[in-house]
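Only one structure is covered here, and it is reproduced in the block below.
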Amino acid sequence: MSDKLINAKNLKKSFDQFIAVDKINLQVDRGEVVGFLGPNGAGKSTTMKMLTGFLEPDDGEIFINGIDLKSNPLKAKEYIGYLPEGAPSYSDMLVSDFLTFIGKMRGLSNKKLSSRLEEMADQINLKEMWDRPVEILSKGFKRRVGIAQALIHDPDILILDEPTDGLDPNQKHEMRNLIKKISKNKAIVISTHILEEVEAVCSRAVIISNGKLLANDTPKNLENKFLNRNTLSIKVSNKINNVFSKEIKSLLKYDDVKIQKTDISTHTLLISDSKKNPNLNTVLKQLSKLKLDVIEANFQKVSLEEIFRTITSENNSK
Amino acid sequence: MDNYLHKTYIILDRELKGYFRTPLASIFLLVFLALSSGMTFFLGRFFERDQADLTAFFSWHPWLFLVLMPAIGMRLWAEERRSGTIELLITLPVTNTQLVVGKFLASWIFTLIALILTMPIWITVNYLGEPDNHVILVSYFGSWLMAGAFLSLTSCLSALTKNQVIAFIISSISGFVLIMAGFNLVLSAVRSWSPNWITETVSSMSFLSHFSRIQMGVFDLSTLVFFFSMIILCLWINVQLVQVKKAD
């Protein structure tokens, strides 16, 4: 069995004149959780719809566990569990009936189906709502039902379009834990615009904007790539007037030095440079020459959010 | 093949039970029974005719189906598209043909249930006189076949829109054209711009002329072929429309 469970090459999709997805390549191995990041309308959902066989790409090819999705869609779809955006389900059905229907359509035998239904009720905490119609469920429970239908056949590949959208913080936490728990032997792709979600559950982040794939790396590596934009923040217990401020700036020799009053007796220096990272030792030595008392010093690391904003805004300005 | 039919059956089963999950089924069946009996006794003058047959009952079916079949079939695809569940269905390991056929059969079986519930009127006419039961049986089958043609048309048109009301209206209008296809109202509109053979083709598509022959107990091959080809053509277009319109 191939480890590359999803292998999409040069995917392209247009709607009339609008190019929704432009030559996207994506490979996902077993055990990986890939976070799809991008502004609204970036092409995340369209890409997911192509990966699940809902939409046919205009160009490019998709292999699911080595099977060509175009030439053998029924076989390829067997490996995929999919939660569409908004977790649609048949609102007039009971939770148990809905999951039974999906399980049967997925070709599960009666014995296998009943054991999977029990597992879903336990694993996804659906027991209390088991015999209730989907239409009376809260948003959180509806989302859980959506996850359960995607998982009912224990697929190798899980594609989840905004699985935590609209959930409260506790439900989001539960959903992330669930994704982590089931991720060990599956390839999971989740789309989100919540960056902390990617940091919390994803082993790889893929950033898409205007249909183009702009970054594809681990969250850690993405942070490292952007470390040269770090800002050194130093808090001093001195009063700094305008003249003193100019003196400090001329001594430090970095592109950007901001001095902000923190409270009555302290000021904070924010030091950054486009060419090099500020050197903490050098800065501290120079500040001691000016008899500044440093009480706190730390690098303000870039968050994934800033990286995301930088990458997508660079792409938009092009 | 077994698996293919099995999945079509699972779709059919879900759809058919779906009619009974809401009050829709009971309301529909009540309306159908009330209207069909009302038309038979009041408009069809069942007693005044003083004949032991069900002509007064069956002759209203094309007009009854014109409204009731779109009501049954309007949700088939429009609702899937509105609620987004079409995405669930299409990403399951089934073909669009299985989905379309399963859904259509469910609505057709539901209509069969409605027709079976009118059987007391058949029993009544047997109690009152000695009707030609062969003609009645053929008429029941013809009525069900015509209902199938109406339903396949509605199913096909409901794939065009996310709005059930629009699906209902366009299905009723299209059904009206097909009922009236043999009448001058439609033929004169077609005759003015088309060659003779098109006019003749349109004329031969009249639901009313096919069904009136069935009511006389004449069930020839051409009628059977007509209704079945109508159903197959509409379902084929339905499959193509689902494919084209699914992501709109």
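The values are calculated or read from the model by the stated rules, or taken from the named source; none is laboratory data. Please read these numbers as outputs of a predicted model, since none were measured by experiment. As a convention, Cβ positions derive from the backbone with ideal geometry for all residues, glycine included, and neighbour counts pool all protein chains shown.
Observations, loosely collected:
- Residue within region A:73-87 that is surrounded by fewer than 22 Cβ atoms within 10 Å (Cβ to Cβ), within 14 Å of another protein chain (Cβ to nearest Cβ), without any contact (Cβ under 8 Å) to a residue 12 or more places away in the chain and within 20 Å of A:LEU5 (Cβ to Cβ) present: yes
- Residue in region A:129-136 that is part of a helix (DSSP H, G or I), modelled with pLDDT of 90 or more and surrounded by fewer than 20 Cβ atoms within 10 Å (Cβ to Cβ) present: yes
- Considering region A:26-69, and only residues there that are of a type in the set (D, E, K, R) and more than 14 Å from chain B (Cβ to nearest Cβ), the residue that is surrounded by the most Cβ atoms within 10 Å (Cβ to Cβ) turns out to be A:LYS44.
- Residue check for A:PHE101: closer than 29 Å to B:TYR19 by Cβ, more than 14 Å from chain B (Cβ to nearest Cβ), touching a helix residue (DSSP H, G or I) at 6+ places or on another chain (Cβ under 6 Å) and of a type in the set (Phe, Trp, Tyr): no
- Taking region A:12-52 as the range and being closer than 19 Å to A:LYS186 by Cα, assigned to a loop (DSSP other than H, G, I, E, B) and modelled with pLDDT under 95 as the test, the residues that pass are A:ARG30, A:GLY31, A:GLU32.
- Filter result (hydroxyl-bearing (Ser, Thr, Tyr) and touching a residue at least 60 places away in the same chain (Cβ under 8 Å)) within region B:96-139: B:THR97, B:SER107, B:THR118, B:SER139
- Region A:65-120, subset acidic (Asp, Glu) and part of a helix (DSSP H, G or I), residue modelled with the lowest pLDDT: A:GLU119
- Checked against the criterion of being within 30 Å of A:ILE19 (Cβ to Cβ), in contact with a strand residue (DSSP E or B) (Cβ under 7 Å, 6 or more places away or on another chain) and within 14 Å of chain B (Cβ to nearest Cβ), the candidates A:ALA150, A:ALA215 yield just one match: A:ALA150.
- From the list A:ASN185, A:ASN177, the one residue that fits, being in the same structural domain as A:ASN10 (by TED's automatic domain parsing) and assigned to a loop (DSSP other than H, G, I, E, B), is A:ASN185.
- Residue match in region A:10-22 (condition: within 21 Å of A:HIS153 (Cβ to Cβ) and either assigned by TED's automatic domain parsing to the domain that holds A:LYS139 or within 26 Å of the chain's Cα centre (by Cα) (or both)): no
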